[in-house]
Amino acid sequence: MAQATPHRRGTRQAAAPGSRPTLTISSRNYSSWSLRGWLLARFAGLDFDVVVVEPDDVDARQELLLLTPSILVPCLTHEGARVWNTLAIAQYLHEIRPDAPLVPAARVARAHCWSVCGEMNSGFSNLRAALPMNLKARHPGHKVWAGAQPDIDRIVQIWSECLQSYGGPYLFGPRPGMADAMYAPVVTRFLTYCVPLDAGCSAYCETIMALPEMKEWVEAALQEPDEIEELDMDF
């Protein structure tokens, strides 16, 4: 289990071989990628420390504002390995913790899982730009413009297909895994901007937000003193 406190704040540094694993993250309130990496490590049962990048870190700020092509946070350091990009972190955790329920055991379901996770890792840019993650905010009546609606429709399709195919309550069955970690920030976005959903997808959002890991993350996010003005705009 990850150590919830104390979190170390600092710069991005690789851990020395044999030292305790660390996961470098940025803002819990704004960073969807940090949430994904943290959930993946927790779901894998990895015992790790968290290093929080300072809010004035230039690279982290650029990532949060979608101003850089390379997402370098979160970054997992483990036994000499330094792994960034959430899909790479998922692959690495699956290799070192093959018995953890990150991906389905069945070949076809596993292929489906990797596919929908890859789609989230590389797609939905309009959704990211139009509905930035902000756990502290609520925007009832928010207007979703045409550019983001196809992304929302596709995500709803993915969720519905997975829940119907594998029986829920998580995307690939009875236990949370890689796909749920990848789509959890979308759940928070839908709640922040009050995106209307059907009953099945609404129930899935409730299931994700009820996870102990999500409650822990949200509680810490609400206590963050730092704010990024560009992401706190009035919609």
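The values are calculated or read from the model by the stated rules, or taken from the named source; none is laboratory data. On a predicted model such as this, the values are computed, not experimentally measured, just so you know. In this analysis, Cβ positions are derived from the backbone assuming ideal geometry, glycine residues included, and neighbour counts consider all displayed protein chains.
At a glance:
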read-out	value
Checklist (1) in a helix (DSSP H, G or I); (2) surrounded by fewer than 18 Cβ atoms within 10 Å (Cβ to Cβ); (3) without any contact (Cβ under 8 Å) to a residue 40 or more places away in the chain applied to Gly147, failing item	(1)
Flag if Cys117 is in a helix (DSSP H, G or I), touching a Leu at 6+ places or on another chain (Cβ under 9 Å) and either farther than 20 Å from Leu35 by Cα or at pLDDT below 95 (or both)	no
Index of the failed condition, Ile208 passing every other in (1) touching an Asp or Glu at 6+ places or on another chain (Cβ under 8 Å); (2) outside any helix (DSSP H, G or I)	(2)
Of the criteria (1) farther than 22 Å from Gly168 by Cα; (2) at pLDDT 95 or above, which one Arg128 fails	(2)
Every pair of residues 6+ apart whose Cβ atoms lie under 6 Å, when the first sits in the range 77-95 and is within 13 Å of Ala44 (Cβ to Cβ) while the second is small (Gly, Ala, Ser)	Thr86/Gly37; Ile89/Gly37; Leu93/Ala44
Residue in the range 156-167 that is more than 17 Å from Lys136 (Cα to Cα) and outside any helix (DSSP H, G or I) present	yes
Only listed residue being at pLDDT below 90, part of a loop (DSSP other than H, G, I, E, B) and loosely packed, with under 13 Cβ neighbours inside 10 Å, chosen from Leu72, Leu67	Leu67
Matching residues, the range 191-205, being surrounded by 22 or more Cβ atoms within 10 Å (Cβ to Cβ) and part of a helix (DSSP H, G or I)	Tyr204
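Conditions tested, residue by residue: (1) at pLDDT 95 or above; (2) under 22 Å from Ser26 (Cβ atoms).
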| site | (1), (2) |
| --- | --- |
| His112 | yes, no |
| Ala137 | no, yes |
| Asp151 | yes, no |
| Val156 | yes, no |
| Met182 | yes, yes |
| Arg189 | yes, yes |
| Gly200 | yes, no |
